[in-house]
Amino acid sequence: MTTSTTFDLVALNQQFETATPTEILAWSIKNIPTGLVQTSAFNVDDIILTHILYTELQHPVPVIFLDTLYHFPQTLELVAKAKEIYNLDLKTYKTPDVDSRQAFAAKFGAALWDTDITKFHHITKIEPLQRGLDELNTVAWITGRRRDQAVTRATMPVLELDGKGRLKINPLATWTRPQSWEYVAEHKVIYNPLHDQGYPSIGDEPITTKVGEGEDERAGRWRGTGKTECGIHI
């Protein structure tokens, strides 16, 4: 069985510095025949990777989506549209035993993100993701992160290990935002209309704001909290 320790990450990362996302994903498909999944928040870079996997490479993999219950309506509409267009093998995970914002507030308190954002992210994202990765017997998971999204990602490798020793694959690590949008235009990839309205990175509705001129792409996430990541990629 293939495991993350099978690979020479130093050599592969050197090789992949000049590889295309399609080439990186093709390598992943070839070398990780089982246990390969994509995690997606359905931001534009996530959809690009889904398009490459499902259309270019014609290799559908399970796509994990974390339903925090606080997504923008436009995000949920995009998820439904992508599921139909690509016939996604969509795996949705959420906080157990709550099915609405009202139920979440009743159980954990109103506006938990304001009182304890770390707990909010653990409940809505970190625990559901780890549960999903475990249930799908994940060997490697694909993310849509790029180095130019934020200073915290500037040195991110293409291949790395997560906290449990699974391989984390970042096929777009070396791409820039303009390259992503060039791909979208060329391949007519669907995307969230909020990207055209000042939201380059889209998270939960109550804690995502528009980004101003000159700010990092992810500056609108958790503004004023001091956070740079929700915890999934730490």
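The values are calculated or read from the model by the stated rules, or taken from the named source; none is laboratory data. Bear in mind that the values here come from a model prediction, so they are computed numbers and not experimental data. Note that each Cβ is placed from the backbone with ideal geometry, even for glycine, and that neighbours are counted across all protein chains shown. In case anyone asks, the SASA skips ligands and DNA or RNA and just uses the protein heavy atoms, side chains included. Shrake-Rupley method; radii C 1.70, N 1.55, O 1.52, S 1.80 Å.
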Checklist entry - Out of curiosity, is residue 127 part of a helix (DSSP H, G or I), farther than 21 Å from residue 166 by Cα and acidic (Asp, Glu)? => result no
Item to check | Given (1) outside any loop (DSSP other than H, G, I, E, B); (2) free of Cβ contacts under 8 Å to residues at least 40 places away in the same chain; (3) within 16 Å of residue 16 (Cα to Cα), index of the condition residue 160 fails | outcome: (2)
Item to check | Complete set of residues in the stretch 94-135 that are over 16 Å from residue 72 (Cα atoms) and touching a helix residue (DSSP H, G or I) at 6+ places or on another chain (Cβ under 6 Å) | outcome: 95, 98, 112, 120
Item to check | Every residue from the stretch 110-121 that is part of a helix (DSSP H, G or I) and either of a type in the set (Phe, Trp, Tyr) or surrounded by fewer than 16 Cβ atoms within 10 Å (Cβ to Cβ) (or both) | outcome: 113, 114, 115, 118, 119, 120
Checklist entry - For the stretch 199-219, how many residues meet the condition of being within 17 Å of the chain's Cα centre (by Cα) and assigned to a loop (DSSP other than H, G, I, E, B)? => result 8
Checklist entry - Residues in the stretch 163-182 that are in contact (Cβ under 8 Å) with a residue 24 or more places away in the chain, surrounded by fewer than 20 Cβ atoms within 10 Å (Cβ to Cβ) and small (Gly, Ala, Ser): how many? => result 1
Item to check | Count of residues meeting criterion [β-branched (Val, Ile, Thr), more than 30 Å from residue 51 (Cβ to Cβ) and modelled with pLDDT of 95 or more] in the stretch 88-129 | outcome: 2
Checklist entry - Restricting attention to the stretch 191-215, which residues are open to solvent by 30 Å² or more (accessible area, probe 1.4 Å) and touching a residue at least 24 places away in the same chain (Cβ under 8 Å)? => result 191, 193, 205, 206
Item to check | Contacts under 6 angstrom Cβ, first residue in the stretch 10-27 being of a type in the set (Phe, Trp, Tyr), partner surrounded by 15 or more Cβ atoms within 10 Å (Cβ to Cβ), 6 or more apart | outcome: 16/24; 16/158
